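What follows is a single structure, written as structure tokens, with notes after it.
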Amino acid sequence: MEGRELAYYEMVDLEQADQNIKACLLDAGRNVIAVGYYLKVIRELFRDAGYRNIWEYAWGEYGFSKSTAPRYMARNDRFSVGGNSPVMAAEYREYSRAQLQEMLSLDAEQMEQVTPEMTV
């Protein structure tokens, strides 16, 4: 392996690795919102693909269980711009996917106390 150039991802220190993980977790949260939106769109279109319902479609196409698909849609309802878009609302952009999931069960008063720095 002599003379082989190191790939960019092989030359990171602890701080860079930590920053990359945090960025990926934030991206995961944003992607959850987009997945929820598009599942809601598919709710109206799944029959065109020969499925009986959205849950059958989500399982057949993505391997989502009957409890997973609704959670994606619920996160979209609560944390997206206008409650129905593929874009995460600005006030939630610093939260991870796991935090968003836990925040679904909180009421308005509890939500006021939550910060992105809190652990799940």
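The values are calculated or read from the model by the stated rules, or taken from the named source; none is laboratory data. Because the structure is a prediction, the values reported are computed rather than measured. No Cβ is skipped: glycine too gets one built from the backbone with ideal geometry, and neighbour counts run over all protein chains shown. SASA here: full protein model, heavy atoms, side chains in, ligands and nucleic acids out. Shrake-Rupley method; radii C 1.70, N 1.55, O 1.52, S 1.80 Å.
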At q = 0.14, 0.31 Å⁻¹, the log10 of I(q)/I(0) for the range 43-90 from a Debye sum over equal Cα scatterers comes to -0.39, -1.01
Whole-percent carbon and sulfur contribution to the accessible surface of the range 50-106 (1.4 Å, no ligands, DNA or RNA) stands at 49 percent
Quick calc, the chain, dipole around Cα centre from Cβ unit charges on Lys, Arg (+) and Asp, Glu (-), nearest 20 debye, gives 780 debye
Taking GluC sites (Glu not before Pro) as exposed when in a DSSP loop with at most 15 other Cβ atoms inside 10 Å, the chain has its longest clean stretch at 45-93
Once the dipole of the chain is set up from charges on Cβ (+1 Lys and Arg, -1 Asp and Glu), the residue from the list ALA28, GLN16, THR119 lying farthest towards its positive end is ALA28
Here, trypsin sites (Lys or Arg not before Pro) of the range 15-116 satisfying both criteria (DSSP loop; at most 13 other Cβ within 10 Å) are ARG52, LYS66
Hydrodynamic calc, the range 11-120: Kirkwood Rh from Cα pairs, then Stokes-Einstein at 20 °C with viscosity 1.002 mPa s, so D in µm² s⁻¹ is 142 µm²/s
Once normalised by the length of the chain, the mean sequence separation of its alpha carbon contacts under 8 Å that are 6 or more apart gives a contact order in percent of 27 percent
Between the residues THR68, TYR92, SER105, the Cα farthest towards the positive end of the dipole of the range 42-110, that dipole coming from +1 and -1 charges on the beta-carbon of Lys, Arg, Asp and Glu, is from THR68
Karplus ³J(HN,Hα) for the range 26-38 (6.51 cos²θ - 1.76 cosθ + 1.60, θ = phi - 60°; Hz, whole; x = Gly/Pro) runs 5, 4, 4, x, 5, 5, 4, 5, 5, 4, x, 4, 5
For SER80, the net charge from surrounding residues (Cβ-Cβ under 12 Å; K, R +1; D, E -1) works out to +3
For the range 1-60, the Cα convex hull volume per residue in Å³ comes to 147 Å³
Rounded to whole Å², per residue accessible area for the chain with a 1.4 Å probe reads 70 Å²
